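Data first, discussion second: the structure below is written as structure tokens.
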Amino acid sequence: MLIAGNWKMFKGPHEAGAFCRALRDTNLGEVEVAVCPPYASLATAVQALAGTEIGVFAQNCHWADEGAFTGEISPPMLRELGVYGAVIGHSERRQLFGETDEAVARRVEAALSHGLFVIACVGETEAEREAGEAEAVLRRQLSVLSADDNLVVAYEPVWAIGTGKTATPDIAQEAHAFVKSLLDVPVLYGGSVRPGNAGELCAERDIDGALVGGASLDLESFAEICRAASH
Ligand code: PEP
């Protein structure tokens, strides 16, 4: 069971350091825990969590080792910082920054080949679900990925991200089983996970953890989610 907190573009180095130092002394139950700070706060987070089992993940990474790619960051640079892994293909990257399935595939492959652990995100929009296309979208997004020991998928229905609408445990379980029928890797659920719903979601057979956005920004709510998921 892995609980990863995606901080998005929140918490600069000062706040990230304080959060991570407090996280060290917090009861997080029996789950694996990761935080995904913005690039500017990665070094501080790595330093503050040194010697713990809590992993630090970037929120993206490029496929090239270096080059003329303004605004990007490469897998070797993340390794040099001591970062454990990267989230790739988040729906905000896909929707707001034009990330394609092909670009996601290249990023995932490069990250894995450099020894980074990858959380690859997939999920359908509300319109796609209403049109009965959810499985087709997942099939397309997953078709460019191959199973790997260092890869997990996060199923994040776009209609549930930051909206307060959570997939019911039944809907999430059905989607997770479908994802696993296509790609044999652990699958995290993401989409408005909170202390009050983390336990029932993580109790589903094919839900192997959670990628948590908004509720991961507050130490106590993140810790509560970790503890709820470990029951
Ligand atoms: C996310 O950003 O991956 C996410 C699931 O966000 P939230 O928990 O805020 O819906």
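General observations
- Taking a straight line from the alpha carbon of residue 180, these aspartates and glutamates sit under 18 Å away, with near neighbours fewer than eight places off in the same chain left out: 124, 133, 135, 148, 149, 156, 170, 204, 206, 208.
- Signed unit charges on C-beta, dipole axis of the chain, positive-most listed residue 191, 86, 17: 17
- Note on the chain: with a GNM built from Cα contacts shorter than 10 Å, the maximum mean-square fluctuation among 19, 69, 57 falls on 69.
- Here the chain is assigned +1 on the Cβ of each Lys and Arg and -1 on the Cβ of each Asp and Glu. Its dipole about the Cα centre then comes out at about 460 debye.
- Average accessible surface for segment 1-96: 49 Å² per residue, computed with a 1.4 Å probe over protein heavy atoms with every protein chain in place.
- Rounded, prolate or oblate (a/c below 1.5 giving rounded, otherwise prolate when a/b exceeds b/c) for segment 44-85 by Cα gyration tensor: prolate
- Choice from 205, 129, 139 with maximal GNM fluctuation in the chain (Cα, 10 Å cutoff): 205
- The chain: C-alpha gyration tensor shape, a/c 1.5 cut-off, then a/b vs b/c: oblate
- Under 5 Å between amide hydrogens, built in the peptide plane, is the criterion, and for residue 33 it picks out 3, 55 among residues at least 5 positions away or on other chains.
- Cα-projected label distance for residue 50 with residue 163, points at 7 Å along beta-carbon direction, nm: 4.3
- Taking only alpha carbon atoms, segment 1-136 gives an Rg to Rh ratio of 1.00, where Rh is the Kirkwood radius.
- Spin-label model, residue 139/residue 18: points 7 Å from Cα along the beta carbon direction are separated by 5.0 nm.
- Quarter of Cα convex hull surface for segment 86-205, i.e. mean projection, nm²: 7.1
- CD proxy at 222 nm, helix term only [per DSSP H run n ≥ 4: -39500 (n - 2.57); per residue of the chain; nearest 500]: -11500 deg cm²/dmol
- Here the calculated FRET efficiency for residue 40 and residue 106, from their Cβ-Cβ distance with R0 = 25 Å, stands at 0.55, rounded to the nearest 0.05.
- Residues whose placed amide H lies under 5 Å from that of residue 209, excluding near-sequence neighbours: 2, 189
- Average Cα contact separation per residue, the chain, under 8 Å, 6 or more apart, as relative contact order %: 21
- Cα centre as origin, Lys/Arg/Asp/Glu Cβ charges: segment 29-122 dipole, Debye: 120
- Taking the accessible area of segment 138-227, probe 1.4 Å, and keeping the other protein chains in place, the carbon and sulfur fraction comes to 47%.
- For the options 125, 52, 168, a Gaussian network treatment of the chain with springs between C-alpha atoms closer than 10 Å singles out 52 as fluctuating the most.
- In order along segment 149-165, the phi-based Karplus estimate (6.51 cos²θ - 1.76 cosθ + 1.60, θ = phi - 60°) of 3J(HN,Hα) comes to 4, 9, 10, 10, 9, 10, 7, 10, x, 4, 5, 9, 8, x, 9, x, 8 Hz; Gly and Pro are listed as x.
The values are calculated or read from the model by the stated rules, or taken from the named source; none is laboratory data. Computed from a predicted structure; not experimentally measured. Note that we place each Cβ from the backbone using ideal geometry, even for glycine, and neighbour counts take in every protein chain shown. Quick note on the areas: whole protein, heavy atoms, side chains included, nothing else; ligands and nucleic acids left out. Shrake-Rupley method; radii C 1.70, N 1.55, O 1.52, S 1.80 Å.
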